[in-house]
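Contents: one structure, followed by commentary.
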Amino acid sequence: MPSPSIPQRRANPIQLHLAPMEGVIDHHMRELLTALGGYDLCVTEFVRVSDRLLPERVFHRLCPELAHDGRTAAGTPVVVQLLGVDPQVLAENAARAAELGAPGIDLNFGCPSRFVNRKGGGAALLDYPRRVHDIVAAVRRALPAQLPLSAKMRLGMEDDELALENALAAESAGCARLTVHARTRADGYRAPARWERLAAIREVLSIELVANGDIDGVAAWRRCRAVSGCDAFMLARGAVARPDLARRIRDDEADHAMGWEEVAGLLRRLAGMMEADYSDRNRGTRIKQWLAMMRGYSAEATRCFERVRPLRLYSEMAPRLG
C-alpha cells in the first residue's frame, strides 16, 4: 500500500520545531541537534513560575542562549517557555525574559506531571478555558507587540471535549502559534497520538497550528501531515532517538539515516559539551539515557547500551561507545 500522499492544496513550506523535554533536551542537546540542521526554532524546558518575579540567573540557566541573541550556535532561535497559573506573575516573568533577549515566549498548558497538575498548572488548566484565555491575554499585554507569543497544550485532561474551546481561547487572547500534543493528559505517552483531532482544531483556527506527538520517523511525519493537515511540526522523543530526523524530514528522505560511527561521535561530543557542568557520573547517566531512547530504532544503539549499562562513569563508557 503506498504511503499517504500530501494533498496538493498545501503548498506551504514546512516548519520544524525542537520540543522541550525536561532533563533530556537541554541547551547542550539543542546545540547538538540544531547543528545537524533542519530546525526552525527550539523551545526551552519550562521555567517554573510560582508567586514572584524570578531572578535573571534562572532564565540564563535554562536558556544560556540568551547571552547569544537567543539563538543556538547554529543560529536557531530559542523560545523561552513558562509554566504557571497566575496570569500577572506569568506576565511579569515573560516581560523579564523578553528584556533578556528571548526571541519569543511560549506558555505551557500541556505538562502531564502529577505534581504540576496538583498545583493547577500544565494540562490541568485545560479544564478551564477561561483561565487559558486570561493567562495568554495577560502575557500578551506585557510583551512588546513584535515579540511572538505561542502556547503548547494537550487535547485535554481526562478527555478532549474542550480541545476546540481551549485552542480558540488561546487564539482570541493573542497567541500567534499553537502547538498541540495530540493526546490527553490521561493518555500519557501510551495511547497513539490522535492526529485527526488536530485536523478539527486546524479548521477553526486562523493562527498556525503545530502538530506534536508520535512523529518518530519520516514515514510517521508523512502520515501526520496527511491526516492533520498541518505544515508545522514539533519533534520530541523522535528527535532524540533519531538525531538526524529533522534533516531527513526536511529532505523527505526516509532511507539514508546516519551511520553508527557518526552517532557515536555525537555521543562523545555531547559528553564533551557537558564536562564543565556535570560530574563524570552524571555525564555517564545522560549518555545511557540517550542510548536507551535510541534502542527502539537502532540495533547498534541497543548493543552499545548493553555494553555500557553496568558502568557508572562516562570515563569508563567512552572506550565502549564504538
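The values are calculated or read from the model by the stated rules, or taken from the named source; none is laboratory data. All values derive from a computational prediction rather than experimental measurement. As a convention, Cβ positions derive from the backbone with ideal geometry for all residues, glycine included, and neighbour counts pool all protein chains shown.
Table for the structure above
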item: Inter-residue pairs, beta-carbon under 9 Å, first modelled with pLDDT under 95 and in the stretch 71-99, second among the aliphatic types (A, V, I, L, M), 6+ apart; result: none
item: Helices (runs of 4 or more DSSP H) wholly inside the stretch 215-322 containing at least 2 residues that are of a type in the set (A, V, I, L, M, F, W, C) and modelled with pLDDT of 95 or more; result: 218-228, 237-241, 245-250, 260-274, 280-294, 299-308
item: Selection count where residues are crowded, with 21+ Cβ neighbours inside 10 Å and on the phi < 0 side of the Ramachandran plot, scope the stretch 219-231; result: 5
item: Where a residue in the stretch 295-317 is over 20 Å from N282 (Cβ atoms) and its partner, wherever it lies, is part of a helix (DSSP H, G or I) and of a type in the set (S, T, N, Q), with Cβ under 8 Å and at least six apart; result: R295/T302
item: Residue in the stretch 200-208 that is among the small types (G, A, S) and surrounded by fewer than 19 Cβ atoms within 10 Å (Cβ to Cβ) present; result: yes
item: Meets criteria (of a type outside the set (V, I, T), assigned to a strand (DSSP E or B), over 21 Å from A98 (Cβ atoms) and in contact with a Phe, Trp or Tyr (Cβ under 9 Å, 6 or more places away or on another chain)) for A151; result: no
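Yes/no per residue for (1) outside the structural domain of G110 (by TED's automatic domain parsing); (2) in contact with a helix residue (DSSP H, G or I) (Cβ under 6 Å, 6 or more places away or on another chain); (3) buried (at least 22 other Cβ atoms within 10 Å of the Cβ):
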position: T34; (1), (2), (3): no, no, yes
position: G37; (1), (2), (3): no, yes, no
position: C42; (1), (2), (3): no, yes, yes
position: V49; (1), (2), (3): no, yes, yes
position: E56; (1), (2), (3): no, no, no
position: A67; (1), (2), (3): no, no, no
position: T76; (1), (2), (3): no, yes, yes
position: V80; (1), (2), (3): no, yes, yes
position: V85; (1), (2), (3): no, no, no
